[in-house]
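K.L.:
What follows is a structure written as structure tokens; I'll ask about it next.
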Amino acid sequence: MKYALAIVVLVFAVAEARAQFGVPEEAPDALHVLSGKVFLERSGMLSERLEVWLTPETGAGKIDTFTESSGNFQFEGLRAGTYTIRVRAPLGSPFGDGEERIAIYVSKTTTRYNVIVTMPLRANARTNEPAPPPPGTIAVPGTGKPAIPPGAADEYAKAQAAMKLGNAAEATRHLEQAVALAPAYGDALNDLGVDRMRAGRNDEAIELFRRAADATPDRFEPRVNLALALLAAEKLDEAEFEAVKALALDPDSPRALFAGGRIALARGELQTAAERLQRSVAAGGDTQAAAAVALGELCERAGQVAAAVEAYRIALLAEPDGPRAVAARARLSALGEKE
């Protein structure tokens, strides 16, 4: 099905598409904004200001700034090109310098890019000083990883069994018990967050997903779920940061790409949204139909009817029945097209 995706690669390169979105015309070499956040491996957020260098891949010169104490930083007035972002670790720090590369594309409008820079724990610090587990857990000796009490693991297993039987209330009760017994049980926190989100209790879901992400920083699922919960709460900048972190953990995850595409679209970053949704559709998975419908709607709004039709047809191939199929058929009918 990749043949269909080629049609929409340049959807947002045309002036007509931007005009339909009400985006003002600017010079082709518009200046852009790069926002970033620095994290410490296995330790989370910064508590001090650090120097950040931005170096272009071609051309002379580099610019620097300092993070806020929370780890946020920003560069403005950037032209298209590839840049290296480097965060310098203080002398004697257990963390090494953080470095990332990012490509900024030529565009007629100013675009905001986002990047996450993680400062790695030095090898000697990994060996001699394992990071402490989150509160409420006991570390496995020599690893710094939390051990899950048997009672909590049993409750989680019962929750999984109840879910398979379709007993949502019973599953919720066992998940709550698992979290009560092990407050940093990542899997249980994540699943309970999903339960709360489905129940419309989004604020609780956000808190649970944050705790799950902190407890299991190497897992991308809580990050994706947190990004979607923040999107639902219209906290778009926070949602984008979590989506970028999820994609850093698993760059080819269809679900993370789908979530990132929806968030970019909500932020008005049309090119980024199109790229992420295309990659999500191409990667397949259980979000393929949803990503294809979203991509179709995006192309349709941009005036790219042929591309929208192909996207809706991909959605039907991925999910012949169900809500996504209903949406795809409705749009094809409205466009006067057959399946």
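The values are calculated or read from the model by the stated rules, or taken from the named source; none is laboratory data. Bear in mind that the values here come from a model prediction, so they are computed numbers and not experimental data. FYI the Cβ positions are ideal-geometry reconstructions off the backbone, even for glycines, and counts take in every protein chain you see.
K.L.:
Would you check which residues across the range 60-70 are in a strand (DSSP E or B) and of a type in the set (Ser, Thr, Tyr) and list them? It would help to see each step written out before you state the result.
P.N.:
Narrowing the range 60-70 to residues in a strand (DSSP E or B): 63-66.
Residue satisfying the conditions is THR65 alone.
K.L.:
Please go through the range 205-230 and pick out each residue that is more than 13 Å from the chain's Cα centre (by Cα), surrounded by 17 or more Cβ atoms within 10 Å (Cβ to Cβ) and at pLDDT below 90.
P.N.:
ALA215, THR216, PRO217
This table checks each residue for (1) outside the structural domain of VAL326 (by TED's automatic domain parsing); (2) farther than 23 Å from ARG196 by Cβ; (3) at pLDDT 90 or above.
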position: ALA232; (1), (2), (3): yes, no, yes
position: VAL244; (1), (2), (3): no, yes, no
position: SER253; (1), (2), (3): no, no, no
position: GLY260; (1), (2), (3): no, no, yes
position: ARG267; (1), (2), (3): no, yes, no
position: GLN271; (1), (2), (3): no, yes, no
position: LEU277; (1), (2), (3): no, yes, yes
position: ALA289; (1), (2), (3): no, yes, yes
position: LEU295; (1), (2), (3): no, yes, yes
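K.L.:
Going by the conditions given, is ALA246 buried (at least 17 other Cβ atoms within 10 Å of the Cβ) and touching a Gly at 6+ places or on another chain (Cβ under 8 Å)?
P.N.:
Yes.
K.L.:
With the condition kept exactly as written, say whether any residue in the range 104-121 is loosely packed, with under 14 Cβ neighbours inside 10 Å, modelled with pLDDT under 80 and in a helix (DSSP H, G or I).
P.N.:
There is no residue in the range 104-121 that is loosely packed, with under 14 Cβ neighbours inside 10 Å, modelled with pLDDT under 80 and in a helix (DSSP H, G or I).
K.L.:
Among the numbered criteria (1) of a type outside the set (S, T, N, Q); (2) in a loop (DSSP other than H, G, I, E, B); (3) at pLDDT 85 or above, which single criterion is violated by ALA180?
P.N.:
All conditions pass for ALA180, except number (2).
K.L.:
Among the residues of the range 71-95, write down those that are farther than 13 Å from GLU51 by Cα and either in contact with a strand residue (DSSP E or B) (Cβ under 9 Å, 6 or more places away or on another chain) or outside any loop (DSSP other than H, G, I, E, B) (or both). Show your work before the answer.
P.N.:
Filtering the range 71-95 for residues farther than 13 Å from GLU51 by Cα gives 76-84, 92-95.
Selection gives GLU76, GLY77, LEU78, ARG79, ALA80, GLY81, THR82, TYR83, THR84, SER93, PRO94, PHE95.
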